[in-house]
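Below is one structure, written out as structure tokens; comments come after it.
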Amino acid sequence: MDLRSDCDHKVLSARQATNWQAKPIFFPLKAVSLQCACAPRGGQHATVQPFSDEDASIETLSHCSSFSDTTSVADEGGEANEDAAEEDFQYKLKGFIDSTVDKSAKTRQGALDGLKTAMATRILYEFISERRMTITDSIERCLKKGKGEEQRAAASLACLLCIQLGSGIESEEVFKTLKPVFKNILADGSANIQVRQAVATSLGLCTLVAEDDIMDVHATMECFEGLFTRSYVKEDGTRPAMGPQTTQLHTNALLSWALLLTICTASQLKDILHKHLPKLPMLLESEDVNMRIAAGETIALLFELARVMDSEFEFDEWDDLCDKLSALATDCNKHRAKTDKRKQRSVFRDVLKAVEEGDFQSESIRFGTERMTIDTWVRKRTYDAFREFVGSGMNYHLQANEFIRDVFELGPPMLVDSATLKAMKISRFERHLYNSAAFKARTKARNKFRDKRVDVGEF
């Protein structure tokens, strides 16, 4: 054996003796792009990549290959790595904010998407509060000068910005700037129809969060009324002909209008009940399943609010309404898609129960160590509105966002250490047993209910 081979043999033996392996090391860092830092000089910008859901998650681990020992790195550099990760994350966010004014539409779009994902999955109040007007100016510019997808992303970002700031002076300043732009787009019949759809949804939630004057809330509701009432049956009994995109715009306007019903005064509700409750059942005859469902849920919400004001509330056309709801809850129309019928029947069984009995099928939502019960139509409409923008980050916001916790009356955020969290976790086997029992009980309940349904002729 020559000298080189002998050295290699000794090194290998030493490695085996110490049980050494070249393992990949996992740091609690997000994979932060360095494209912004490496952008060429002279005012040119590199393409900014938006966050993915995995990249923005607080539990994302950066997979770095190294020949160092994992234990020593975790012990010596844990806190330093966390600080560095936070600095890199904020640096990337600053890059996104700067890129929202880039000349390239693709770069602006990527920056808006990156900010949206970050705000949906993390609490960034301190960082955003200092830069709220800069972000607001960028959103306004993208709404006015952008096209299509960029405008839709800007409208969604406006909602997430208000959710991060919460209800107060800061969000009021943001909304005061953006509200006129939203209303101009919504009223502009020549604007992109999908942009108008997005703006209708965003204007509703921003008004709920940031509007400080109830009369201004009512004025915004009248803007929505001007849209969805065009889907009402005409005085001569004919139904207006409109395309699916226009119907979706009216559906979004109706859902935003219903969201704002939850914060109306008693006197406003009385006027609305008198004006709209007799006409809303007309929308149950729409050819669009989403419009039918939105109308049904809005009717259930109005009945709930009316009964809160007056437990003896009565509706003159109650019998006809119940007949319509019952027909939709057992719809077997062969000309409709099976998925649409299934979705519709599920919703209208609950709506019929709400109108007839004043009941609500409650739902329990678990997040972290807490649970929240959706037990009213008011809560459901509010929860659905927030979830539409926050998406998969809803549970995280329910845990940590003080504003959202205040909306759902959850109290201040709970602080639970890792040891307590670990002790509260159940084993996989126990979870399996629980899920099996819940599945069996749910199946029995559904089978029992199916036996009572008139649901024949579908095939």
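The values are calculated or read from the model by the stated rules, or taken from the named source; none is laboratory data. Note that the coordinates shown come from a computational prediction; the quantities given were computed from them, not determined experimentally. Every residue, glycine as well, gets a Cβ built from its backbone with ideal geometry; the counts of neighbours run over all protein chains shown. We work out accessible area using only protein heavy atoms, side chains counted, and drop any ligands, DNA or RNA first. Shrake-Rupley method; radii C 1.70, N 1.55, O 1.52, S 1.80 Å.
Below is a table of values for the structure above.
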quantity: Accessible surface of Ser267 - all protein chains present, 1.4 Å probe, nearest 10 Å²; calculated: 70 Å²
quantity: Among 395-405, 317-327, the order from most to least packed when residues are scored by Cβ within 10 Å on average; calculated: 395-405, 317-327
quantity: Å³ per residue enclosed by the Cα convex hull of the stretch 182-232; calculated: 73 Å³
quantity: Sequence ranges 112-119, 82-89, ranked by mean other-Cβ count within 10 angstrom, highest first; calculated: 112-119, 82-89
quantity: Cleavage-rule hits (GluC sites (Glu not before Pro)) in the stretch 182-282: DSSP loop, at most 10 neighbouring Cβ within 10 angstrom; calculated: Glu235
quantity: Unit charges on C-beta of K, R, D, E only; dipole of the stretch 169-239, Debye; calculated: 480 debye
quantity: Cα Rg, Dmax, the stretch 266-314, angstrom units; calculated: 11.5, 34
quantity: Gain in span if fully extended, Gln90 to Arg307, counting 0.36 nm per residue against the direct Cα distance; calculated: 73.2 nm
quantity: Extent along principal axes [Cα atoms of the stretch 195-307; Å; largest to smallest]; calculated: 38, 34, 21
quantity: Residue pairs, from the table Lys92/Lys144; Lys92/Lys380; Lys94/Lys179, whose Cα atoms sit over 27 Å apart; calculated: Lys92/Lys380
quantity: From the C-alpha gyration tensor of the stretch 67-214, square roots of 5λ in Å; calculated: 34, 18, 12
quantity: Under 5 Å, built H, 5+ apart or other chain: amide partners of Phe367; calculated: Met372
quantity: ³J(HN,Hα) computed for each position of the stretch 360-365 - Karplus, 6.51 cos²θ - 1.76 cosθ + 1.60, integer Hz, glycine/proline x; calculated: 9, 7, 5, 9, 9, 10
quantity: Value of Rg to Rh for the stretch 237-357 (Rh from inverse mean 1/r over Cα pairs, i.e. Kirkwood); calculated: 0.96
quantity: Dimensionless Rg over Rh [the stretch 170-261; C-alpha; Kirkwood]; calculated: 1.00
quantity: ³J(HN,Hα), Karplus 6.51/-1.76/1.60, whole Hz, each residue of the stretch 292-297, x for Gly, Pro; calculated: 4, 5, 4, 5, x, 5
quantity: Phi-based couplings in Hz for the stretch 300-317 (Karplus 6.51, -1.76, 1.60; Gly and Pro marked x); calculated: 4, 5, 5, 4, 5, 5, 5, 6, 5, 6, 9, 5, 9, 4, 10, 10, 4, 9
quantity: Potential extension, Thr134-Ala327 segment - 0.36 nm per residue separation minus Cα distance; calculated: 64.3 nm
quantity: Unsatisfied cross-links (Cα-Cα over 28 Å) in the set Lys116/Lys183; Lys183/Lys343; Lys147/Lys183; calculated: Lys183/Lys343
quantity: For the stretch 361-411, size of Cβ-based charge dipole, Lys and Arg +1, Asp and Glu -1, in debye; calculated: 120 debye
quantity: Gain on full stretching of the segment that runs from Lys103 to Arg239 - 0.36 nm per residue minus C-alpha separation; calculated: 44.4 nm
quantity: Test item: Cα-centred dipole of the stretch 96-195, Lys/Arg +1 and Asp/Glu -1 on Cβ, debye; calculated: 320 debye
quantity: Relative contact order (percent, whole number), the stretch 181-291, Cα cutoff 8 Å, 6+ residue spacing; calculated: 31 percent
